Amino acid sequence: MATPLISPSILSADFARLGEEVRAIDAAGADWIHVDVMDGHFVPNITIGPMVVKALRGHTQKPFDVHLMITPVDPYLQAFADAGADIITFHPEAGPHAHRTVQAIKALGKKAGVSLNPGTPAKMLDYLYEEIDLVLVMSVNPGFGGQSFISSQLRKIEAIRKSIDKVGRAIHLEVDGGVDAVTARQCLDAGADVLVAGSATFKGGPDCYAANIAALKGAG
Ligand code: DX5
Ligand code: ZN
């Protein structure tokens, strides 16, 4: 199995030292930097916006994997693109026109991702596969780090992997929520190729980041 890409979620970082934390996970082997944007409306938590993404941009060359848990989405795409997002992922429930949102992200020159909540069926993606660059399967309900992995999502990952292979386009299949060395293995076996990990990356502090990321990569 190919080595997975690891996208540490900075939601579990020390927010008082975010720039330093981003540099530390970059040096520790992170492939992407996962930025969780929450609005207290689509999800019951509030995190950060484009100004923070912009402030962090100078701290790493790694792709910014920006996960928008906000509604509406479209009015904020430009701001996140300008702030330095490389991949912009949204939830189809957050706006009525998922296809239009994908087109808007692509028109900004960014990679477009679609995220499915645990209760959202894979068929939501059927008419989007021709356009999208990434599918993000939520293996917890969005809003907080440190939750337990919902195993039923493994079947969804398997189904999406089959659809992606059938379409034959280069579409990443990313999993987010409750990913540790054990569940990472299950996700990869089911067909994922990118793993988001908040708690599992940041546990133990900076001295442990490299070993934590290596353990996730080793799951492959
Ligand atoms: C949850 C976020 C996740 C979260 C993952 O809404 O989208 O990215 O930070 O955290 P862990 O890895 O701790 O479950
Ligand atoms: Zn996320």
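What follows draws every value from the coordinates through simple rules; no lab data is involved. Predicted model only: the values in this text are computed from it and were never measured. Here the Cβ positions follow ideal geometry from the backbone for every residue, glycine too, while neighbour counts run over all protein chains shown.
To the nearest 0.05, what FRET efficiency results for residue 15 and residue 82 with a Förster distance of 22 Å applied to their C-beta separation? That gives a FRET efficiency of 0.50. Amide H contacts of residue 147: 178, each under 5 Å away and 5 or more positions distant or on a separate chain (H built 1.01 Å from N in the peptide plane; Pro and chain starts excluded). Here the spin labels are modelled as points 7 Å beyond Cα on the Cα-Cβ line, and at residue 207 and residue 152 they lie 4.2 nm apart. Here the extension length gained between residue 162 and residue 55 equals 34.7 nm, from 0.36 nm per residue of separation less the Cα-Cα distance.
Mean-square fluctuations from a GNM of the chain, with a 10 angstrom spring cutoff on Cα atoms, peak among 130, 21, 174 at 130.
What does the convex hull of the alpha-carbon atoms of the stretch 1-109 project to on average, in nm²?
Approximately 7.6 nm², given one-decimal rounding.
Each Lys and Arg Cβ is given +1 and each Asp and Glu Cβ -1; about its Cα centre, the stretch 134-176 then shows a dipole of about 220 debye.
Can you check what the net charge comes to around residue 73, using other residues whose Cβ is under 12 Å from the Cβ of residue 73 (Lys, Arg +1; Asp, Glu -1)? With Lys, Arg at +1 and Asp, Glu at -1, the net is -2. For the stretch 5-27, the residues whose amide N sits under 20 Å from a probe point set 7 Å from the Cα of residue 181 along the beta carbon direction are 5-9, 25. Comparing the chain with the 2.2 N^0.38 Å rule of thumb, its C-alpha radius of gyration ratio is 0.93 (two decimals).
The label point for residue 131 and the one for residue 41, both projected 7 Å from the Cα toward the Cβ, are 2.2 nm apart. Here the label points at residue 3 and residue 99, each 7 Å from Cα along the C-beta direction, are separated by 4.0 nm in the simple model.
Taking other Cβ atoms within 10 Å as a rough exposure proxy, 31, 165 sort from fewest to most as 165, 31.
Once you list every other residue whose beta carbon is under 15 Å from the beta carbon of residue 211, what net charge do they have if Lys and Arg are +1 and Asp and Glu are -1? Mind showing how you got there, number by number?
Details: positive: 203, 217; negative: 180, 207.
Net charge in that neighbourhood comes out at 0.
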